[in-house]
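J.: Once you've had a glance at the structure underneath, I'll fire off some questions.
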Amino acid sequence: MIGLSVSDKARARAPKTKPLAWWAVGVFGGVLAGAAPAVGASGNTGTADLPDSAEAHGAALTAIRPPATPASGNARGLVFDSAYLFTGAGGPPLDLSRFEQEGKTPPGTYRLEISVNGRWQGMEDIDFAETTSGTGARPCFRREQLERLGIDMDKAARGQSGSDELNPMPDALFCGDLGQYVPGASVNADMAEQKLSLQVPAIFVHFASASTYVGPEKWESGVTAGLLNYNANLYSSESLGKRSNSGYLGLNGGLNLGAWRLRHNGALSWGTGRAARYQSGSVYLQTDVPAWRSQLVLGETASNGELFDSLSFRGVQLSSDERMMPDTQRNYAPAIHGTARTNAKVSVSQRGYLIYETTVAPGAFTISDLQASGEGGDLLVKVTEADGQEYTSVVPYAATPQLLRGGVQRYSLIAGQVKQPGLTDDPLFAQAIYQRGLDGMWTAYAGAVASQGYASGLFGVAANTSVGAFAADLTRAESRLSGDRRIQGNSLRLSYSKKLSRTGTNFSLLAYRYSTSGYLSLIERIVAEDQYQRRRTLDAIVRQRHRFDVNISQQLGGGSLYANGSMQQFWGSDSKEVNFSVGYGGSVGSVSYTLSAQRSRNLAQGPTTQERNRTTYALNLSLPLGDSRRLPTLSGFLSHDSESGLQTTTSLAGTLGDDNRGSYSVSASHSERGGGGGSAGLGYQLPYTQLNASVSAGRGYNQYSASAAGALVAHPGGVTLAQTLGETLAVVRVPDAEGALVGATRARVDARGYAVVPSLTPYHLNTIEVNPKGMPLDVELKQSAGKGLAPRAGSVVMLSYATEVARATLIDSRMPDDKPLPFGAAARNARGDNVGVVGQGGRLFAKGLEPNGWLIVEWGGAPEQQCRIDYQLPEKRAGRQQRYDMLVAPCLPQAQAAAPTPQPSP
């Protein structure tokens, strides 16, 4: 039997002139195979793969393509062989000639998605002009437009041989064969999907980045919109008979106007014994500056703290934004230099994986666009000459945050007023930072901070060496305090990272910093001034003396051993802070485990020196209760703490719902000193908000809480609820498609036809697709393929997918001799529109029927190959159609057809 299945994607790809005819072949044909698109100006012919045997009961499509005409994809010639369609013994022959013509593209201007060699290049307005052959309109191009799409027209003018005889393309609009000026180029337009693809020999293409990066001319500023994220939490606890309640409402929102983004975040909090208080975190106006690959910020925000200490300020900041740069320039990777005797193949591997391969000409070569893993790991470079000889070398690769690719620069300029909470003074200040990659192995950086009574300067270098990546910088600071007292000091910082692939060792961070007693950061200088005005000495100011950080991991056996920690000592106090932890994690069968030990030590200087030491040993076990994702996981936790004694916890956690939107957890615990207790938690992700609740109780205490998080977006189409928003987002309009899923986050279309995709990658290609699962049956997507966009940071971009509302009906019908209608027969209404097709068992699937009327079913041109169905649909239910209308009606020869009232199927 040939199964009946409705494919929205197949319907969406149908040409506008005969949508159901093409849908019929996709749904009821069983197997459709078409020849690949012709490449090149000369064209090719191809035959689709046929079914392995007739028993496959599938339909085979033999697609024969004539010489390619670089016009619309609708000009393709298709021949359907009905011999491969199973019609049953004695069934009538099928006339499939109506499927062999696709709609022609009329002349005009169309906004299409453009791709070159499969790489998305944005949206363009493309002019289509009529051809003299009458086969439909073909696309037209301008030279500057092709250059903008990444085609090197100067190379194309010289041809693949690099001849000195030029054949330049004129600047005027050209509507002929593109292969005339770009040898070997071909064009295919898919008007149903609103896409145009160009295939161009690689020699004529000069993409400047990886496939997801998009040039500045295609960045979208989005629409005027308002945004608001909310995060609410209510918490109540009772301990020793005393009840305490508190609440929190965090707000993060803003307004987009053109290329400017106004942002604000703050929080409202209240609790038992204290009044409600709203605290503003930051408010600023931001826009990007594409020409400088930078972001401009005006208002209250904070510096990043990479080289100088982070601080909050009110003022202006102009800083580089690496996201605007091509992927090949963003993350550090070393440049590879070498020589080749012949046209050689260069292969680059990292940790046993081939990550790059290219062919180089004889002579010296440099590879500077390598995209290697940011975790590091030495690179194995193999040069294979044309005669088979091979040469290998190792290029060390380790990275610190300061390392940049050769020629890449990064900067930050800040001017404003310090607005750090807890400080008594808010002085004006200025800060400047500049970093530049030198030759792919070395990076130099410098910075300066100036304020009233304070100045500091920093200089440093970072290097990628065979023994690891190093960074070292020295900061010199001079502070002037009350009484014209001057204090000077230095701060030295060293860092190291290295990944040893062969041994599985990763020194992700080894850092040390030492500051002399006279060194003060800007914040410390403000605090020192306050202390001096209170007649206190510099020794009363606690400031960092030295700090050591370590983070090491080692693959060992079937698991991983890790160690991390930090140690600090201070000027002005004998206090010392030490935190260190070590652990090992692995699995045995389906049981995962982690063993860990943590040690902390804090010496606090007061009237008496107090030492607090705490050591914790812990064992975690996790066991899935089955192979299904819906089955819960059982976990056990055992720990011994030098302060709390022995503690045990057993918990069970899992997910709820077919799409795992719900989660739950229950646990029981016992403490050697606190007794037993239990807790439970429940969470559920609704289409537009995340809800969570928890409760716990034990000896002498109980607690419960509830929280909700979500967002709303005000846009030109109205207000739409959404999950928590990221920096950059899209509002997608899919009319009448309530319930459809949109994007990777599976946001659902609301009753008004809108959905919010809450997080996009700015300045890079984002593809958003609509999944018709869950949308009404009487709604059809007119474009099934995803749409691409490249938004600017913080923008709200709107996309629209066309839909068509058409009532869906299944009609069980037979001819007067009680034979089923021929498989593949077409149905048309009184206006002559194709509205349906016959599937297996004589069942007719139709869309867009009037409430009552008649249909002509035809499977050939002769009168005896036609019949008429008179029908009346049942009364339409309120809302969108969630199931098919079912009818039973005979198909009579037109001469005999009356107008009986067909009975709806029970």
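J.: Out of Ser479, Ser521, Ser495, Ser515, report the one residue that is more than 20 Å from Ala450 (Cβ to Cβ) and in contact with a strand residue (DSSP E or B) (Cβ under 8 Å, 6 or more places away or on another chain).
T.: The conditions single out Ser495.
J.: If only one of Ser479, Ser495 is modelled with pLDDT under 95, surrounded by 15 or more Cβ atoms within 10 Å (Cβ to Cβ), assigned to a strand (DSSP E or B) and touching a helix residue (DSSP H, G or I) at 6+ places or on another chain (Cβ under 8 Å), which one is it?
T.: Answer to the selection: Ser479.
J.: Within the range 813-840, which residues are surrounded by 14 or more Cβ atoms within 10 Å (Cβ to Cβ) and either hydrophobic (A, V, I, L, M, F, W, C) or in a helix (DSSP H, G or I) (or both)?
T.: Within the range 813-840, Met815, Leu821, Phe823, Ala825, Ala826, Ala827, Val835, Val837, Val838, Gln840 meet the criteria.
J.: Restricting to the range 461-512, name every residue that is charged (D, E, K, R) and in contact (Cβ under 8 Å) with a residue 40 or more places away in the chain.
T.: Scanning the range 461-512 gives Asp473, Arg485, Lys498, Lys499.
J.: Could you tell me whether the range 686-698 includes any residue that is under 24 Å from the mean Cα position of the chain (by Cα) and assigned to a loop (DSSP other than H, G, I, E, B)?
T.: yes
J.: Residues of the range 754-807 being of a type in the set (A, V, I, L, M), part of a strand (DSSP E or B) and under 25 Å from Gln690 (Cβ atoms), which ones?
T.: Hits for the range 754-807 are Ala755, Val756, Val757, Ile768, Val770, Val796, Val797, Met798, Leu799.
J.: Let me ask something else about it. Pull out all pairs, ordered by first then second residue, where Cβ-Cβ is under 6 Å, the residues are six or more apart or on different chains, the first lies in the range 141-153 and is more than 11 Å from Met169 (Cβ to Cβ), and the second is among the aromatic types (Phe, Trp, Tyr).
T.: From residues that are more than 11 Å from Met169 (Cβ to Cβ), the pairs are Gly150/Phe207; Asp152/Phe204.
J.: List the number of the failed condition for Phe308; all other conditions in (1) in a strand (DSSP E or B); (2) over 22 Å from Tyr763 (Cβ atoms) hold.
T.: Against the list (1) in a strand (DSSP E or B); (2) over 22 Å from Tyr763 (Cβ atoms), Phe308 comes up short only on (1).
J.: Going through Gly676, Gly681 one at a time, which residue ends up being small (Gly, Ala, Ser) and surrounded by fewer than 14 Cβ atoms within 10 Å (Cβ to Cβ)?
T.: One residue alone meets the criteria, Gly676.
J.: Okay, moving on. Give Ala744, Ala737, Ala751 a once-over and let me know the one that is in contact with an Asp or Glu (Cβ under 8 Å, 6 or more places away or on another chain) and in a loop (DSSP other than H, G, I, E, B).
T.: Ala751
J.: Let me ask another. Residue under question is Tyr584, and the condition is that it be among the aromatic types (Phe, Trp, Tyr) and either modelled with pLDDT under 85 or closer than 21 Å to Ser669 by Cα (or both); does it hold?
T.: Against the criterion (among the aromatic types (Phe, Trp, Tyr) and either modelled with pLDDT under 85 or closer than 21 Å to Ser669 by Cα (or both)), Tyr584 does not qualify.
J.: Taking the range 725-739 as the search range and keeping residues that are small (Gly, Ala, Ser) and surrounded by fewer than 23 Cβ atoms within 10 Å (Cβ to Cβ), which one is modelled with the highest pLDDT?
T.: Filtering first and then ranking leaves Gly726.
J.: Do we find that Val395 is farther than 20 Å from Leu311 by Cα and in contact with a helix residue (DSSP H, G or I) (Cβ under 6 Å, 6 or more places away or on another chain) in this structure?
T.: Answer is no for this residue.
J.: Counting only residues that are over 22 Å from the mean Cα position of the chain (by Cα) and touching a residue at least 60 places away in the same chain (Cβ under 8 Å), which one in the range 105-116 is surrounded by the fewest Cβ atoms within 10 Å (Cβ to Cβ)?
T.: Once the filter is applied, the top-ranked residue is Arg111.
J.: Another one. What residue, of Val394, Val348, is modelled with pLDDT of 75 or more and either of a type in the set (Val, Ile, Thr) or in a loop (DSSP other than H, G, I, E, B) (or both)?
T.: Only one candidate passes the filter, namely Val348.
J.: Further question: For the range 712-724, does any single residue satisfy the condition of being surrounded by 17 or more Cβ atoms within 10 Å (Cβ to Cβ), in contact (Cβ under 8 Å) with a residue 60 or more places away in the chain, touching a Ser or Thr at 6+ places or on another chain (Cβ under 6 Å) and hydrophobic (A, V, I, L, M, F, W, C)?
T.: Yes, the range 712-724 has at least one match.
J.: List, please: which pairs have Cβ atoms under 7 Å, are six or more places apart or on different chains, and start with a residue in the range 861-876 that is more than 30 Å from Asp778 (Cβ to Cβ) and end with one that is in a strand (DSSP E or B) and modelled with pLDDT of 85 or more?
T.: Sorted first by the residue in the range 861-876, then by its partner, the pairs are Gln865/Glu858.
J.: I would also like to ask the following. If a residue counts only when it is under 16 Å from Pro822 (Cβ atoms) and at pLDDT 75 or above, which strands (runs of 3 or more DSSP E) contained entirely in the range 842-906 have at least 1 such residues?
T.: The qualifying strands (runs of 3 or more DSSP E) are 843-847, 852-858, 866-872.
The values are calculated or read from the model by the stated rules, or taken from the named source; none is laboratory data. Since the structure is predicted, the reported quantities are computational estimates derived from the model, not experimental observations. For neighbour counting, all protein chains shown are included, and Cβ atoms are generated from backbone atoms with ideal geometry for every residue, glycine included.
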